[in-house]
1. Compare the peptides A:441-452, A:412-423, B:444-455 by average per-residue count of other Cβ atoms within 10 angstrom and give them in order, highest first.
2. Can you list the HN-Hα couplings for region B:432-439, worked out from phi with the Karplus curve (6.51, -1.76, 1.60; θ = phi - 60°), rounded to whole Hz and with x for Gly and Pro?
3. Checking the a/c ratio against 1.5 first, then a/b against b/c, what shape does the Cα gyration tensor give for region A:107-173?
4. Quick check on packing: order B:379-389, B:211-221, B:22-32, B:423-433 by the mean number of other C-beta atoms within 10 Å, highest mean leading.
5. Over all residues in A:386-397, what is the mean tally of Cβ atoms on other chains that come within 10 Å of each residue's Cβ?
6. Per residue of A:379-385, what is the mean number of Cβ atoms on other protein chains within 10 angstrom of that residue's Cβ?
7. So how many Lys-Lys pairs in chain B land under 18 Å Cα to Cα, not counting same-chain pairs under 8 apart?
8. Using the alpha-carbon atoms, what tilt in degrees (0 to 90, nearest 10) does helix B:455-473 show relative to the longest principal axis of chain B?
Amino acid sequence: MDKLQIATPEIFLLAATCAVLIVGLFAQARSNTVYWLSQLTLVITLGLSLLQIGDESATGLSGAYTMDILSVSLKNWILVIAIGIFLYSRDYIGNRKIARSEYFVLGLFAVSGMMIMTSATHMLTVYLGLELLALSQYAMVALHRDNGEASEAAMKYFVLGALASGMLLYGMSMIYGATGSLNLSVIGDILAGNAQNLTDARTIGARFGLTFLIVGIAFKLGAVPFHMWVPDVYDGAPTSVTMFISTAPKIAAFAMLIRLLVGGLETLNADWQQMLAILSALSMVLGNLVAIAQNNIKRMLAYSTISHVGFLLMGIVGVTSAGYSAAMFYAITYAFTTLAAFGVLLAVSREGFEADQLTDLAGLGRRHALLATVMLLAMISLAGVPPAVGFYAKLTVLESAVNAGFTWLALLGVFTSVVGAFYYLRIIKIMFFDEPVDSTEVSPAGDVTAALALNGLAVIGLGLAPGLVMSACIAAFA
Amino acid sequence: MSFPILSLTIWLPILAGCLIIALGDRPARKLAGAASVLTLLVSLPLYFGFDSATAVMQYRESAAWLPGFDINYELGIDGIAMPLIILTTLINVIVVISAWEVIKDRPAIYLGAFSIMTGLMVGVFSAMDAILFYIFFEATLIPMFLIIGIWGGPQRVYATVKFFLYTFLGSVFMLIALIYLYRQGGTFSILGMHDLPLDKDQQFWIFLAFLAAFAVKIPMWPVHTWLPDAHVEAPTAGSAVLAAIMLKMGGYGFLRFSLPVTPDASGQMDSFMIAISLVAVVYIGFVALAQRDMKKLIAYSSISHMGFVTLGIFIAFRLIAKGDESGVALGLEGAMVQMISHGFISAAMFLCVGVMYDRVHSREIADYGGVINTMPIFAAFMVFFALANAGLPGTSGFVGEFMVILASFKTNFWIAFLAASTLILGAAYTLWMIKRVIMGPVGNDKVAALTDIDSREFWMLAILAIFVLLIGVWPDVIAGVMHASVENLVQHISTSKY
């Protein structure tokens, strides 16, 4: 098999993105040409990626790039979610005189970054994908350039993100020094050969590097205590960008975590297991408690993200393939549930009006029942109440934590999820029990409404048939 | 495989509920009426085709659901679950009748939510897979949350959030226990968990986790405080379903999980459980006496009656220690009959208050007086249900209480004495309310302007009255189907799991 073939979707995406970039220069400011071209690009890429389902796993490009069930199914989800993001953002971006072609082009570059992250089996590829994603995101946050808050958020994101990248690179360099390789599978073999000798200089060097890797990953995921950027960036960025940051990149960050820790450093799992358990516990507690105090939905969802990252890490803490599958399921379902929630926020926003305070949703049940129902489903799913899909995500990670002997972490998890249920219920309460304060008609475009309905249906439908997604997650780690 | 009656009873009302919401307010009532009657008809074969000679699960259905995590779609019923399912489908019909003219604001969502909830509650009573049980158990919270929050009284938001969080907190600990049991036994099948050997410490912690879920749900003193709030603020039908069926999920949980999965821990904790049950019976009885709000009074009366259920369940272990197996069965069956009977009586009481509330818009006892003068037919019903609530012989309220008191007598005079005090307390708070509301001269102008119940309200109350009388004079109609299952349960819990 021609080894370049494993990267067909990425190659196409990157080439098409460059073409879209050029078209964007000449497109009229108010036309939707760039939007449609971007969607077309994503759809074709998705088609190419779907064709890879069932192909035999292969590693190529000097061992730097792989195509396996994990990468293919994560890519498919990233692309589906990206299509949703672009669709929900279209009118919002159009109404706000944000540089619209740049939004879509940067989004496409970010998607390529994410796809590279899911396939990377070499530390340099991991870093390449990560930076492609991160740099696009920094720029996206700053797109609203006349807005003070957005610029501040972009600055914070950039400075802290650069610091985290530095940590990550430093950790990688330590591991390179210890093992003499950047290829993750080679590193894994070398460390496994030294597994008995934990005081060996090599192993110590690798463990030292591991600590920095974890810091970098925790930052990208937004786990406590490396979460400081999350609320400010979520709040300051335009809502469509917040939606972008909070959905698909979480799947990519999960992939990076798996590639680095499980693919490369599994021998050191006794070390990273402890670190992740602490990150997980802190994230769940702080995320859920602080979210209660928020009146701004974007900030609230930011803290909610932090708590969900805690749950996701709980799945990996178990160091079992069932746990990894559970965490993968968690990342995917979290991404499309959050997508629905932000989609509703964008649909309620209109020209000159940002729906970002809790009261902006007041009486949505009367103003637009469908949107309110989609939001309701998203909220009960995030709260982990059956039969929404979020329940299975929580159930499976809890199960893997209990199986690994981390019952305390599981108990902490369910306890904090009850705390979390409070603020999700508050949104439901505001939508259905309160009277509307704003009587302006909410009228999202037809295709957006249809997509949101489908998205809500997925949240509840995959709750009734979770096996559809779960079987791929299990196959990825079989 | 035979015809999947259980699945149909679960999914028919759920799908009908979705349809009702989707089609909007215009056809909502007729659709809901048709769906509720159809669901009842579908569920009736469960009773008439039931083989009461065996304790084996009947109407079994099984299908793989979540591969890799051993979660199956497994249904089945025994003599403990079946009467509760019939109760659920029957109360659903009553709910539709009660809402027919009363609910003006968004009736489609209201009726749809009740219909969906009915399916979910049938699911709770028929799930044979622990996770499936948990899913149904938790999912019922969402429609009830919306029903109280949208159509409730002035304090509805506080009440509904408290209701949700209280019960959610209780049940997540059960989830961890279920996962732990899966880790031990490698199965989520409830019957598999029954046979799983567990040592003393494991049983103790698992028992506590189940207790957190079911004690809140049923509810036991001192975790009962959500109930009066939820009952008072909920719309009439919401209160009726809450009291008639949702509370029973707690009692059912004790019988399905706590006792068979952790028999030794249940035995060790029996004194504690009996003690707090008696607190509920006696102390809450006094609390009920002091209420000024009729719905609150009935809510406290419910807690007190549920104290009888837990008493009947946990007195069993005292009797097992004495080797009195017939007494054990008496206590457990008493608890079961009490649950069913309370389902009919409490629903009827809440509906009676609802009938008056629809006319006067007050639940305060002080706002009434002499209702019998203007609403004689209604007054007859209300007095009848009140007497049943107080445990008058010949009504269903008497049977369960009497069986539990009898079982208590076999262990300890003082337990029986305290339990029997309910006959006086129950009569006191119920009849005192009747005296102030129904009897006497016409209290005020609003009462003078009352009109008696129409045929809709008449039939709604009459159906319930028939069942209260039927069970009262012929208890075997429900006790008969549960003998074998209760015998089996007694056998199971008398054997140590060490």
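Any read-out appearing in this document is the output of simple, stated calculations on the displayed coordinates, not a laboratory observation. Because the structure is a prediction, the values reported are computed rather than measured. Neighbour counts run over all protein chains shown; Cβ positions are idealised from the backbone, glycine included.
1. A:412-423, A:441-452, B:444-455
2. The phi angles translate into 5, 4, 4, 4, 6, 8, 8, 7 Hz.
3. Oblate shape, in that a/c is at least 1.5 and b/c is the bigger or equal ratio.
4. B:211-221, B:379-389, B:423-433, B:22-32
5. Taking all residues of A:386-397 together, the mean is 4.
6. The per-residue average across the peptide is 3.
7. Taking chain B as the scope, the lysine pair count is 11.
8. The two axes meet at around 40 degrees.
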